[in-house]
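K.L.:
Once you've had a glance at the structure underneath, I'll fire off some questions.
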Amino acid sequence: MSSAAVAPLHRAVRFYAAPIGKKAVMAITGVILFGYVVGHLLGNLQIYAADHDQINRYAAFLHDPGRATLLWGVRALLLLSVVAHITASVQLWVLKREARPIGYVKKDDVPAAYAARTMLWSGPIIAAFIIFHILHLTAGSVLPLQEIAPNQPDVRANVISGFQHPAVALFYIVAMLLLCLHLYHGVWSMFQSMGVSHPRYTTGLKRFAAICAIAIAAGNISIPIAVMTGLLSN
Amino acid sequence: MRLTLHIWRQRNAQEKGRMVRYEVPNVNQDMSFLEMLDVLNEDLIAKGEEPVAFDHDCREGICGMCGFMINGVAHGPLRGTTVCQLHMRHFRDGQELYLEPWRARAFPVMRDLVVNRSAFDRLIAAGGFISVSTGSAPDGNAILVPKENCDRAMDAAACIGCGACVAMCPNASASLFMGAKISHLGLLPQGRPERDKRVVAMVSQSIAEKFGSCTNIGECEAVCPKEIRLEVIARMNRDFLRATWTGRGVSRDEAEQVSNNSLAESRR
């Protein structure tokens, strides 16, 4: 039996038809979204700058009309990643349901796998949070947004006035705790899905995932807490 | 000691089964779990009832024949053990235990705690072998194998194919089993030439058998009686991604068939 290369299009079909291919898509889109979350956190932390205008200058820099193509390119990439990530996860969930039509009367779980088993819960809640978050601080449909100049929102004032509503602050905190769980499993899982795993560095990768997840959640949660305790005010 | 058992009873593959409660009053703590079921079955036979069917063979924990769920854990609460080597001293007097067969679409229940695991045989037939003619045994050290690879291949080769990984997996995935075979063969020079073909064939067979997908949860690793590690699944993923990326691992005939099928689909 001689071996022959399969045409690239058919390779892609074969790749995505297999669950391993779908997991690889989830891993790659996961890396993109993880990278964005890290960048977003670094942007957010500028709210603590002694210079109160720092975060507004950063926002103006991102929204500079001269770089509109880049901004919309990044937004399109993120949207595409989210859609691919969710599509693959739903397809895998369907496969899971088909693979065990009759369940167990009694089923125990490994306690260490809590984050992994709750991915299907943390995921949709985080997705709902992202929609709320965009409506709140980008579109301004939840609370009226304050602006420094036309089309130039006063980010600092909007964040602070938003988190002065305890319900809004609480939703942000809960969503970040779920993001922490999601990343705790996800960041390690993307290495495993892409086949990067070896007894020598598995523990290191798991520790890296835990540190990233906790650091991202703690950094973001600190902002609503700082507003509610009065450390950050207008 | 005295135990209360809830056991899945099902007369054949067609019939709907149910949980039935049994009392076992005279359990010796030195019995293995299967010996305890033997005692229950002797009582049932004496009473003229059908004994509980369960798979077993060597009763030494090395053949892979036995296995069922005890209180929702494959092979019961003791790690790294099959039910035949699980002794009753690990249970308490008066404990209530739920015994259920492996549950997966690919493992249909045949009777009581016995499931049909032929799907595993078909996975092996698809690619879990080395097809080169080995002839007579080669001279020792004629083929050099790094010590680390040798150890890791041996660890993966410890898989006895009991099916606990599929049973415990929330997705009913056979990834730990497939990964064990792929690592066992792929880590050794004799198995490397067919690495691409093997992974492509086994993965497509597992889709046909309706096994689920791996979502990296790790419940399989926790219950595996041979303590096979999740790293074997990463190796399978790596081999699969490599084979699909390069388009290797498909025979010329199959490649043409794949191309024709895709063409036909795109015309439809």
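Each value in this text was obtained by applying a stated rule to the coordinates, not by laboratory testing. What you see is a predicted model; the values in this text were computed from it and never measured. Positions of Cβ are generated from backbone atoms using ideal geometry, with glycine treated the same way; all protein chains shown enter the neighbour counts.
K.L.:
Taking each residue in B:157-169, count the Cβ atoms of any other chain within 10 Å of its Cβ, then average. What number comes out?
P.N.:
1
K.L.:
Something else about it: If we count other beta carbons within 10 Å of each Cβ, what is the order of B:43, B:155, fewest first?
P.N.:
B:43, B:155
K.L.:
Quick one: net charge of residue A:154's neighbours, Cβ under 14 Å, K/R +1, D/E -1?
P.N.:
0
K.L.:
Mind checking B:93-106 for the average number of partner chain beta-carbons within 10 Å of each residue's beta-carbon?
P.N.:
Average per residue, whole number: 3.
K.L.:
Under 17 Å Cα to Cα from residue B:147, which aspartates and glutamates show up? Leave out anything in the same chain fewer than 8 places away.
P.N.:
Within the straight-line cut-off, residue B:147 pairs with B:155.
K.L.:
Where does each of A:72, B:102 land when they are ranked from fewest to most other beta-carbon atoms within 10 angstrom?
P.N.:
A:72, B:102
K.L.:
On to the next question. Highest GNM mean-square fluctuation, chain A, Cα pairs closer than 10 Å: which of A:67, A:57, A:200?
P.N.:
A:200
K.L.:
Nearest 10 degrees, 0 to 90: what angle lies between the long axis of helix A:68-99 and the longest principal axis of chain A (Cα atoms)?
P.N.:
40 degrees
K.L.:
Also, quick follow-up: What's the local net charge at residue B:219, with K and R +1, D and E -1, over the other residues with C-beta under 11 Å away?
P.N.:
Here the count lands on -1.
K.L.:
Once a ≥ b ≥ c are taken as the square roots of the eigenvalues of the Cα gyration tensor of segment B:117-267, is the result rounded (a/c under 1.5), prolate (a/b larger than b/c) or oblate (a/b not larger than b/c)?
P.N.:
Since a/c reaches 1.5 but b/c is at least a/b, the shape of segment B:117-267 is classed as oblate.
K.L.:
So what's the net charge close to residue A:192: Lys and Arg +1, Asp and Glu -1, counting the other residues with Cβ under 9 Å from its Cβ?
P.N.:
Local charge sum for residue A:192: 0.
K.L.:
Let me ask something else. I'd like the per residue volume of the convex hull spanned by the Cα atoms of segment B:89-193, given in cubic angstrom.
P.N.:
Hull volume over Cα atoms, normalised by residue count, gives 176 Å³.
K.L.:
Return one number: the angle in degrees, 0 to 90 and rounded to the nearest 10, between the long axis of the Cα atoms of helix B:175-186 and the longest principal axis of the Cα atoms of chain B.
P.N.:
50 degrees
K.L.:
Where does the protein assembly as shown land at 222 nm, in deg cm²/dmol rounded to the nearest 500, when only DSSP H runs of n ≥ 4 count, each adding -39500 (n - 2.57), divided by all residues?
P.N.:
Calculated from helices alone, the mean residue ellipticity at 222 nm is -17000 deg cm²/dmol.
K.L.:
Need the list of lysines near residue A:107 for cross-linking: C-alpha distance under 18 angstrom, and skip anything on the same chain fewer than eight residues off.
P.N.:
A:96
K.L.:
Same structure again: Name the shape class, rounded, prolate or oblate, that the alpha-carbon gyration tensor gives for chain B, where a ≥ b ≥ c are the square roots of its eigenvalues, rounded holds for a/c under 1.5, and otherwise prolate holds if a/b is larger than b/c and oblate otherwise.
P.N.:
Prolate.
K.L.:
With axes computed from alpha carbons, what is the tilt in degrees of helix A:166-193 against the longest principal axis of chain A, rounded to the nearest 10 within 0 to 90?
P.N.:
Helix A:166-193 and the main axis of chain A meet at about 30 degrees.
K.L.:
While we're here: Give me the inter-chain shielding for B:224-237: mean count of other chain Cβ atoms within 10 Å, whole number please.
P.N.:
That average works out to 3.
K.L.:
Name the shape class, rounded, prolate or oblate, that the alpha-carbon gyration tensor gives for segment B:1-64, where a ≥ b ≥ c are the square roots of its eigenvalues, rounded holds for a/c under 1.5, and otherwise prolate holds if a/b is larger than b/c and oblate otherwise.
P.N.:
oblate
K.L.:
Can you give me the C-alpha center-to-center distance between segment B:1-47 and segment A:38-106, rounded to a whole angstrom?
P.N.:
So the separation of the two Cα centres works out to 53 Å.
K.L.:
Give me the aspartates and glutamates in straight-line cross-link reach of residue B:47: C-alpha distance below 19 Å, same-chain residues under 8 apart excluded.
P.N.:
Excluding near neighbours in sequence, the set is B:23, B:35, B:38, B:112.
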